[in-house]
Every structure is written in C-alpha cells, then in structure tokens.
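Shown next, in structure tokens, is the structure this report addresses.
Computed from the coordinates by the stated procedures, all read-outs in this text should not be read as laboratory data. Values in this document were obtained by computation on a predicted structure and should not be read as measured data. All Cβ positions, even for glycine, are placed from backbone atoms using ideal geometry, and neighbour counts span all protein chains on display.
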Amino acid sequence: MKTVKVLYKGGQGEIEEKKSRFIATLMPVSTEEEAQDFINGMKKKFWDARHNCSAFVIGDNAELTRCSDDGEPSGTAGRPMLEILKGSGVRNAAVVVTRYFGGVLLGTGGLVRAYGDAVKAGLENCVVIERTNGVLCYLKTDYALLAKLLHILETPPFVIKEAIYEERVEFMVLVPEDELKEAEKRITEASGAKAELVPKALCTYARAGEELIVAGERPYRSTEAPAG
C-alpha cells in the first residue's frame, strides 16, 4: 500500500537568531497558482519585514518545486527551505519564512541554518496526513454472514466509510487501489461467494485523528477486458 504525506492543515512557527525573527507560515496547496497566491498574500501581510522567502512542493513525487531568496544572498534561504520541505516527505505544501532583521549579520551558514530551522518549527505546528490512492467499494450481506465479514472489514487494509443496517447490511468500504484484487478475493472466499465487493469509485483517502477524509471521487472503470 503506497501512501503519500500531504499537508492537510497549515501552521506557523517562529525562531530567533541573533535578534532576527524568522516566522515560518505553511499552507496546503495543490497548484502553482494557489502557491503564488499564498506567497503574495504573505508578502502583503508582512509588508514591513526585510524578507519573505518562499518554497513549495506540489505532486506526489514532488513534480513541481519552486523557491525564492527574496533578496537574501543566493542559495541561503529559498533553497534550504525547499530542501527541508522535500526532506520531510510532505507534499502539496507552500511555506513563507518572514524575516525581521535584528541588526546582526548571520553569514551564509547562519542564514541557511536559520531558514531551515524556521521551516522545521512551522512543520511542527501543522497537520500532516498520509493519503492513499484507493477504491470506494459497495458490499451487501445477510446478517448470517455479518460477523464473519465484519472481522475482515475491521482490519487493514479495509476502512469502513459507511454502514447501513436494514433488512440486509450495506457497507461502503475503502481499500488501497493496488490491493483491490486481493480484497475482492478475501470477501468472496469468506462469504462462500455469497457477498461481493463491488468497486464504485476511485478516490484518495486519509485519516486526520478520528476524521476520515475522502476526496477526488471519480467513477471506477475496470482495466480488464470483458469476457468473451
């Protein structure tokens, strides 16, 4: 099961280095336009700061990255910020580090450490989730099979999204996309072929504490050729 760490809720952290304040603000983003809007907004908010340096990482495999030193010596701010962001494994995140100059020059090494440490401080106050590419499936069963199927559905990789108890029991269940065939097989075998896991939609899902987050639903289409 492949998961991707993504920023779910942004946050802010601050460090002080030789009287200079470094304020890191992070925000979830999914496009370059969203990232630039966030960066521009932070520059307006902290208009009186000496620098508002930025970096962002977008895409499951960090396909899109950008960074800016915003007037700091080249390579001392945006690049170390980006490296911390990428190194954390967090995707779909933008960060702006605002510097209020304290009157003491930090030197190249000092700037690199300060901007990197500020991003780390900001990340500590964010909510990061592990997102899975999955399939939303439908399952209907008689009460006679309920206990046996629940034993399976309440263990990984299954995640129960919804359960409706009426004349029969209906479930909406999430499974990782790359484990769908094995999940279907387990349900078929456990029920003696009396219950079937029916794929309905592709989606992404994750947990943030007790909250189950399901997004990007789109119709499921089997890649297998029809029989006959």
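Okay, here's what the table says:
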read-out: Whether the stretch 60-135 is rounded, prolate or oblate, judged on the alpha carbon gyration tensor where a/c under 1.5 counts as rounded; value: prolate
read-out: Extreme residue, positive dipole direction of the stretch 3-125, given options L106, T31, N52 (C-beta unit charges); value: L106
read-out: Gain on full stretching of the segment that runs from S30 to I160 - 0.36 nm per residue minus C-alpha separation; value: 44.1 nm
read-out: E167-V127 FRET efficiency (beta carbon distance; Förster radius 45 Å; 0.05 resolution); value: 0.65
read-out: The stretch 104-228: Lys pairs at Cα distance under 22 angstrom, eight or more positions apart or on different chains; value: 18
read-out: Stretchable slack from T3 to E16, in nm (0.36 nm times residue separation minus alpha-carbon distance); value: 1.2 nm
